[in-house]
1. Among the residues in the stretch 49-60, are any assigned to a helix (DSSP H, G or I), basic (K, R), out of contact with any Cys (no Cβ under 7 Å at 6 or more places or on another chain) and modelled with pLDDT of 70 or more?
2. Would a scan of the stretch 134-141 turn up a residue that is among the β-branched types (V, I, T), farther than 30 Å from V231 by Cα and free of Cβ contacts under 8 Å to residues at least 24 places away in the same chain?
3. Out of everything in the stretch 284-323 that is at pLDDT 90 or above and over 23 Å from A59 (Cα atoms), what residue ends up being nearest to the chain's Cα centre (by Cα)?
4. Can you say whether Y173 is under 30 Å from I71 (Cα atoms) and free of Cβ contacts under 8 Å to residues at least 60 places away in the same chain, as far as the supplied structure shows?
5. Mind checking which residues of the stretch 63-80 are farther than 30 Å from Y259 by Cα and of a type outside the set (A, V, I, L, M, F, W, C)?
6. Of K119, K98, which residue is outside any helix (DSSP H, G or I) and either in contact with a strand residue (DSSP E or B) (Cβ under 8 Å, 6 or more places away or on another chain) or among the basic types (K, R) (or both)?
7. Report, ordered by the first and then the second residue, all pairs with beta carbons closer than 7 Å, sequence separation of six or more or different chains, a first member in the stretch 84-108 that is among the β-branched types (V, I, T), and a second member that is outside any strand (DSSP E or B).
8. Residue pairs, Cβ under 8 Å, 6 or more apart or interchain, first in the stretch 267-280 and farther than 22 Å from I56 by Cβ, second loosely packed, with under 11 Cβ neighbours inside 10 Å. List them.
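The values are calculated or read from the model by the stated rules, or taken from the named source; none is laboratory data. Source: prediction; values computed, not measured. Every residue, glycine as well, gets a Cβ built from its backbone with ideal geometry; the counts of neighbours run over all protein chains shown.
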Amino acid sequence: MATNGNKKKSKKKLYIFGGIGTLVVVLILLVVLSGNKEEISIVQVDDVIKRDITQIVTATGKINPEYKVVITPEVTGEIVELPVKEGDQVKKGQLLIKIKPDTYLAARDRAAATLESAKSGLSRAKALLDKVKSDFDRVKGLYEKKLSSDAELEAAKSNFLTTQSDYESQQSYVAQAQASLKEAQENLYKTTIYSPMNGTISALNVELGERVLGSGFSQGTDIMTVADLSVMEATVEVDENDVVLVSIGDTARITIDAYGDKIFNGVVSEIANSATTTGTGTQQEVVNFEVKIRLVDVDKSVRPGMSCNADIETETKLDVWSVPIQSVTARGKMPEANPAGEDEAAPTTKENKKDKKPKEVVFLAENNKAKMVEVETGISDDNYIEIKNGLKGGEKVISGPYRAISRELQDKLNVRVEGGGKKTGNKEQAS
């Protein structure tokens, strides 16, 4: 009985250890097989085909009249007439504002009286000069006949020169008085301001009876703005990296926030030479250049100061090889073996440093493997980028996912195409 019990226990142990051994073998096989399994990336692809590509620079800004005049008085005083209000249409030469002229009338009259006094003094000086000159001529005649002494001649000559100097000085007084009168008359004229152009009162900053400062004493008061609202422009800020792409005459598509998706056409009319910098000396420093875009199909309801966005078409290329913009990524060049040996550093040259710079590449899907190809790119739009060199057309370029393109994909990596290739261009590959 004891012998049979021992035999049963031995068989039981054998089964247990046999099962454990089998499990270990299975686990080892699974580890080995999973280790030998190659990594496969699931990707999407697009066909390399020809497209028309338009390079666009995007900017934001405000709508303003192309022609406007800010009215600032040149004299100081109280507003006694203000026959216009904001929004009024005005004609060139129409009265806009009148400043109380009393002070300037008095100044004009005072200058006129001073001029008359100076002219009277000039007349007296002229009469005296004529008399002294006659006396001098008489003494000079007697001297020539030896009927007058040297002293008498010198005294007559001195008296003549002194009187002539007084006369010339009086002439200067008259000229000064005339200039003062002209200035007083000009200041009196400046108390009345007329419209310099046909347009609309787009801003009115003063009220009747208000006192304004003339620009002769300070910056002056901005009384109002007269603008031609029939010719409008978008004034936008373009980043310093993009402004070099913009040229006078470039076409632009403008959307105004108040008009939703409605597009207004425009043409670049002016590019600033000087930059506008904000946040100077901080990490938020931004350098922009002001670009003006003339609207060619302006709506009468467009108002100055409205916010807008502009897409400036800087360049268009027709029928060029292109790929989705996300397909192009950067990869560093793999270091080559050092022929100088491990202990001896290879010489560093400018050419070597240049080779270490990241290269623009795309990945092609060929025979279920990724093929890295270096490319030369050109202009781009929102979706596609021009390929100048590196591709012949018709290839399957990997276009997604972005994480795989930017970091995971390597040359000869196994890939599986999801959904097949797409042809989303406007022109098929030339046969």
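1. no
2. Yes; the residues of the stretch 134-141 include at least one that is among the β-branched types (V, I, T), farther than 30 Å from V231 by Cα and free of Cβ contacts under 8 Å to residues at least 24 places away in the same chain.
3. Per the stated criteria, the residue is L318.
4. The answer is no for Y173.
5. Those that are farther than 30 Å from Y259 by Cα and of a type outside the set (A, V, I, L, M, F, W, C): T72, P73, E74, T76, G77, E78.
6. None of the others qualify; the one that does is K98.
7. V90/V84; V90/S195; I97/L82; I97/I223; I99/P73; I99/V75; I99/T191
8. T277/E285; T278/Q284; T278/E285; G279/E285
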